[in-house]
Amino acid sequence: MAKIRIGIGGWSYAPWRGSFFPKGLAQSKELEYAARQFGAVEINGTFYSRQARTTWERWGAAAPDGFQFALKASRYCVTRPKMADAGEGIGNFYAQGLSALGPKLGPTLWMLAKFRKFDREDIAEFLKLLPRELDGLRLRHAIEPRHESFRDRAFVDLCREHDVAVVYDDDDEFPCIDAHTSDFRYARLQRMNEDVPTGYDDASLDRFADQAKGWAADGDAYVFMINGAKVRAPAAAQALQKRLV
């Protein structure tokens with residue numbers, strides 16, 4: 001059965017202490033608390049550095065069954081001049097012990113650089129490099145283009161051919177491509193407003209809830225409140241989650 005997972009980016013953020021996290025909650029318990037409020041968390045730190053297998057084991061143990069971690073792929077893979085040359089970096093990324101998460105291992109997010117333009121041959125070769133399993137665990141991939149040139153039917157067709165989800169971006173700067181290219185959907189909602197207690201107004205949250213339900217008709221959906229007024233992310237995610245109960 002398809003599942004909609006609503007989540008936030010990370011779990012260690014000082015302004016959330018006393019607003020989202022209960023007053024007095026130990027920082028070492030913040031992941032455990034966040035993982036019981038939402039269905040997923042997107043980890044940003046994996047973009048910058050590797051983690052020890054013991055860290056993955058600890059994080060996995062802190063989260064309940066059914067929860068998943070989405071991982072932002074290493075910058076060493078997505079910032080090189082040619083994406084087709086990322087094979088070694090991709091191998092190193094998946095060799096850091098991620099399988100310790102077991103079924104809590106969610107999709108990998110491949111966030112492209114803002115300056116990267118669509119090059120059909122290069123992207124095709126990159127998509128071929130993405131592994132499909134890790135120690136018996138199925139791997140899912142989502143790609144986030146951030147240049148208007150990716151608003152191209154050829155890009156969508158390539159992602160569909162390789163079973164890679166195209167990220168749905170609600171963002172003022174990046175293209176929003178609403179395309180069904182895999183058996184799951186991945187959305188990053190990045191226009192929260194600090195003046196709105198729930199980050200997004202009611203009309204926007206209602207619209208996102210309807211979209212998520214529509215996406216779930218075709219497979220799992222991951223929806224992250226990820227940027228903009230980060231202080232509002234937990235409230236925004238909770239407000240959206242309530243609309244989906």
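Could you sort the peptides 53-61, 226-234 by per-residue average Cβ neighbour count (10 Å cutoff), highest mean leading?
So the order, starting with the most tightly packed, is 226-234, 53-61.
Tell me, what is the 1.4 Å probe accessible area of Ile43, in Å² to the nearest 10?
Here the residue's solvent-accessible area equals roughly 10 Å².
What's the long-distance tail for region 93-180, i.e. % of Cα pairs beyond 17 Å? Before the final figure, lay out each step's value.
Details: 1866 of 3828 pairs.
Taking all Cα-Cα pairs of region 93-180, the fraction more than 17 Å apart is 49 percent.
Taking the Cα centre of the chain as the origin and placing charges on Cβ (Lys, Arg +1; Asp, Glu -1), which of Asn193, Gly219, Ala124 is farthest toward the positive end of the dipole?
Value computed over the given set: Asn193.
What number, rounded to the nearest 500 deg cm²/dmol, is the helix-based mean residue ellipticity at 222 nm of the chain, given -39500 (n - 2.57) per DSSP H run of at least four residues and division by all its residues?
Details: 8 runs with 72 residues, N = 245.
The helix contribution divided over the chain gives -8500 deg cm²/dmol.
Helices from the chain with mean Kyte-Doolittle at least -0.5 and a Cα length along the axis of 20 Å or more, per DSSP H: which?
Working: long enough: 202-216 (21 Å, -0.71).
Length and hydropathy pass: none found.
How big is the dipole moment of the chain about its Cα centre under a simple scheme where the beta carbon of each Lys and Arg is +1, that of each Asp and Glu is -1, and everything else is neutral? Debye, nearest 20, please.
Details: 35 positive and 34 negative charges, 147 e Å.
Computed charge dipole of the chain: roughly 700 debye.
Hey, if you put +1 on the Cβ of every Lys and Arg and -1 on every Asp and Glu Cβ in the chain, which of Ala95, Ala34, Thr54 ends up farthest toward the positive end of that dipole?
Final value for the positive-end residue is Thr54.
Rank-order 146-155, 159-168, 22-31 by packing density, defined as the average count of other C-beta atoms within 10 Å over each peptide's residues, highest first. Let's see the in-between values first.
Values: 146-155: 14.9, 159-168: 20.7, 22-31: 11.8.
Going by the mean number of other Cβ atoms within 10 Å, highest first, we get 159-168, 146-155, 22-31.
Of Lys114/Lys230; Lys3/Lys72; Lys128/Lys230, which pairs sit farther than 30 Å apart, going by alpha carbon to alpha carbon?
From the list (Lys114/Lys230; Lys3/Lys72; Lys128/Lys230), the Cα-Cα distance tops 30 Å for Lys128/Lys230.
Please report, in whole Å, how far the alpha carbons of region 138-213 spread along each principal axis, starting with the longest.
41, 27, 19
Which of Ala179, Ala35, Ala212 moves the most in a Gaussian network model of the chain with Cα springs under 10 Å?
The residue that fluctuates most here is Ala179.
Suppose we keep just the alpha-carbon trace of region 9-91; what are its Rg and Dmax in angstrom?
Considering region 9-91 through its Cα atoms, Rg and Dmax are 15.2, 48 Å.
Only one of the values [x] 0.95; [y] 1.28; [z] 1.19 was calculated from this structure for Rg/Rh (Cα atoms, Kirkwood Rh); name its label.
Structure-derived value, by its label: [x].
In whole angstrom, note down how far apart the Cα centers of region 125-193 and region 72-102 are.
16 Å
Considering only protein heavy atoms, what per residue accessible area in square angstrom results for the chain with a 1.4 angstrom probe?
Values: 11060 Å² over 245 residues.
Each residue of the chain exposes 45 Å² on average to a 1.4 Å probe.
The values are calculated or read from the model by the stated rules, or taken from the named source; none is laboratory data. The structure presented is a predicted model; accordingly, all values stated were derived computationally and were not measured. Note that each Cβ is placed from the backbone with ideal geometry, even for glycine, and that neighbours are counted across all protein chains shown. Accessible surface is based on the protein model in full, side chains and every heavy atom, while ligands, DNA and RNA are left aside. Shrake-Rupley method; radii C 1.70, N 1.55, O 1.52, S 1.80 Å.
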